[in-house]
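Reading through the structure tokens given below for one structure.
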Amino acid sequence: PTRRIQTPRRQSTDTPASQTPGEDYLEWPEYFMAVAFLSAQRSKDPNSQVGACIVNQENKIVGIGYNGMPNGCDDDLLPWSRSADDRLDTKYPYVCHAELNAIMNKNSADVKGCSMYVALFPCNECAKLIIQAGLKEVIYLSDKYHDTPEMTASRRLLNMAGIQYRQFEPKRTQVVIDFNSINQAGMLNGATN
Ligand SMILES: [Zn+2]
């Protein structure tokens, strides 16, 4: 079923007593995962758009990132290929993963004790960053590279460091952002629904 983001009715302070809170709102985990997925859409990687969202213990977002080339390094000059005769002609030596960017983009002093929502289970390089940054848990959606050495090493590191990780089980397969929804009827207090 399709999910629409509509009025944040829950935040209204002057809802008539007779009206119950809406059912059609995002719960925190799906909201944070949706933010990660929205951020992913910024990625220029033609094969893999990945986003990450870091959340503190007060449910405040403190960092967002997506996979991309380092700052100042022209995306149009560096390769996006997944395979080539020369590894230097693939994206791998150059690209920054979403997790790295989310941590580096943090708008708080640090991300100790925070949770990371990320589309893909983190690779071993990102696991190192997650551990050193002091994150406490990782919530991922897909584990499609589970059997690769990178993911095996990642699990080994996360396990040793005592960092929790769990797969996100979405209640819905889609969150639709409809810019036109704000123009639908029933938005103003007191307006007819
Ligand atoms: Zn990674």
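The values are calculated or read from the model by the stated rules, or taken from the named source; none is laboratory data. Note that the structure is predicted; figures quoted are calculated from it, not measured. In this analysis, Cβ positions are derived from the backbone assuming ideal geometry, glycine residues included, and neighbour counts consider all displayed protein chains.
Mind listing whichever residues of region 147-166 are under 19 Å from the mean Cα position of the chain (by Cα) and either surrounded by fewer than 14 Cβ atoms within 10 Å (Cβ to Cβ) or in contact (Cβ under 8 Å) with a residue 40 or more places away in the chain (or both)?
164, 165, 166
Of all residues in region 116-132, count the ones that are away from the ligand (no atom under 13 Å from the Cβ) and touching a Cys at 6+ places or on another chain (Cβ under 9 Å).
Going residue by residue through region 116-132, those that are away from the ligand (no atom under 13 Å from the Cβ) are 117, 132.
Subsequent filtering for residues that are touching a Cys at 6+ places or on another chain (Cβ under 9 Å) retains 117.
Looking only at that region, the number is 1.
Would you mind finding the one in 148, 152 that is over 18 Å from residue 63 (Cβ atoms), within 13 Å of the ligand (Cβ to nearest atom) and modelled with pLDDT of 95 or more?
148
Restricting attention to region 107-140, and to residues there that are surrounded by fewer than 18 Cβ atoms within 10 Å (Cβ to Cβ) and in contact with a strand residue (DSSP E or B) (Cβ under 8 Å, 6 or more places away or on another chain), which single residue is farthest from residue 44 (Cα to Cα)?
Here the residue is 136.
Would you mind stating whether residue 75 is at pLDDT below 95 and away from the ligand (no atom under 16 Å from the Cβ)?
Yes, satisfied.
Which pairs have Cβ atoms under 8 Å, sit 6 or more apart or on different chains, and link a residue in region 52-72 that is among the hydroxyl-bearing types (Ser, Thr, Tyr) to one that is part of a strand (DSSP E or B)?
Partner pairs satisfying both residue conditions: 66/51; 66/52.
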